[in-house]
Amino acid sequence: MLNPQKPFLCVVQATIVPADRTGTTITSHAMPAAPFGVPAWQLPGIAAYLNRLHRTGDNPRPEDFTAHLESRSRTAVPSPARPYLHAPLHDSSVTCLIDIALTPATSMGWPGVSLVVHQMEPGRCGFTRTETFRGCHAALVHTENEITAEHQRLASRARECRTGGVRELRDLAEATVTWMRKLTQASRADLVMARAAAVRTKIRH
């Protein structure tokens, strides 16, 4: 039964495997679902962490992931930063669950990624949609698709409703789309290079 006094939540849950492949850590953080606790706005924040790992060559660590979320908790589009200690799939207040597993970086510098996005509509008859993505590039492509769809929705609203807030959100979404496209293109280029190197290695042997 839903509690009307309890706000709906967006939860980001990360399972992080260390470089020595032992001592897997699970971290969970929550924030109010409204107005930014949806995949379109939250996935780019996770993409920023993946990009940082690629840029620095570091492996994912739970303390770094938590610090990344906390650093974004006061930005224009905040990330979940409050520790969440429950089972999100059994919590009726959770309407968005982003479940990501991170493993050490591959030869191209991007971390291993498994992403599952759950969206749950409140109420007894509400729908549940689950999408799964394997690999860092697939996760980035999905992120680009989500924020692109959000930008299109906001652009349509901005044409009908000329308030400043809608236009500002539209512009923010547009800037995020542009950044995500560059990130996806870089990931795609690295993926092509990795596949070509694998083919060359196979030919030699």
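How about region 24-127: which trypsin sites (Lys or Arg not before Pro) there lie in a loop by DSSP and see at most 16 other Cβ atoms within 10 Å? Walk me through the numbers before you get to the answer.
Numbers: sites: ARG52, ARG55, ARG72, ARG74, ARG124; in loops: ARG72, ARG74, ARG124.
Taking region 24-127 and a limit of 16 other Cβ atoms within 10 Å, the loop trypsin sites (Lys or Arg not before Pro) found are ARG74, ARG124.
Given the -39500 (n - 2.57) contribution per DSSP H run of 4+ residues, what per-residue ellipticity at 222 nm results for the chain, rounded to the nearest 500 deg cm²/dmol? Let's see the in-between values first.
Values: 4 runs with 94 residues, N = 205.
That calculation yields -16000 deg cm²/dmol at 222 nm.
Mind pulling the per residue volume of the convex hull built on the Cα atoms of region 19-139? Å³ is fine. The partial results should precede the final answer.
Working: hull volume 13.3 nm³, N = 121.
It comes to 110 Å³ per residue, whole-number rounded.
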> In nm, to one decimal, how far is the modelled label at ASP64 from the one at ARG167, with both set 7 Å along Cα→Cβ?
Replying inline: 4.1 nm
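Out of the DSSP beta bridges found with both residues in the chain, what percent are antiparallel (nearest 5)?
Numbers: 26 of 34 bridges.
Expressed as a percentage, antiparallel bridges in the chain total about 75.
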> Once phi is turned into ³J(HN,Hα) by the Karplus curve 6.51 cos²θ - 1.76 cosθ + 1.60 with θ = phi - 60°, what whole-Hz value does each residue of region 154-164 show in order, with x for glycine and proline?
Replying inline: 5, 5, 5, 5, 5, 6, 8, 10, 8, 6, x
>> Residues of region 80-101 with the amide nitrogen closer than 17 Å to a label point 7 Å from the Cα of LYS6, along Cα-to-Cβ, please.
In response: 83-97
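Cα-based Rg of region 3-79 per 2.2 N^0.38 Å, rounded to two decimals? Please list the in-between numbers first.
On the way: Rg = 13.8 Å, N = 77, 2.2 N^0.38 = 11.5 Å.
Here the Cα radius of gyration is 1.20 times the empirical estimate.
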> Using a basic spin-label model with each label point 7 Å from the Cα along Cα→Cβ, how many nm lie between LYS182 and THR27?
Replying inline: 2.6 nm
>> Just to be sure I follow: if Rg is taken over the C-alpha atoms of region 52-101 and Rh is the Kirkwood radius over the same atoms, what is Rg/Rh?
In response: 1.02
> Can you list the residues, at least 5 places off or on another chain, whose amide H is less than 5 Å from the amide H of MET31, using H built in the peptide plane?
Replying inline: CYS10
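Looking at region 81-161, which GluC sites (Glu not before Pro) are in a loop (DSSP not H, G, I, E or B) and have at most 16 other Cβ atoms within 10 Å? Could you put the intermediate results ahead of the total?
Values: sites: GLU131, GLU144, GLU146, GLU150, GLU160; in loops: none.
Taking region 81-161 and a limit of 16 other Cβ atoms within 10 Å, no loop GluC sites (Glu not before Pro) are found.
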> P(r) of region 64-205 in 5 Å steps, Cα pairs, percent per bin?
Replying inline: 2, 8, 12, 15, 19, 17, 12, 7, 4, 2, 1, 0, 0
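Bear in mind that the values in this text are calculations on the coordinates, not laboratory data. Just so we're clear, the structure is a prediction, and the values are computed from it rather than from any experiment. As a convention, Cβ positions derive from the backbone with ideal geometry for all residues, glycine included, and neighbour counts pool all protein chains shown.
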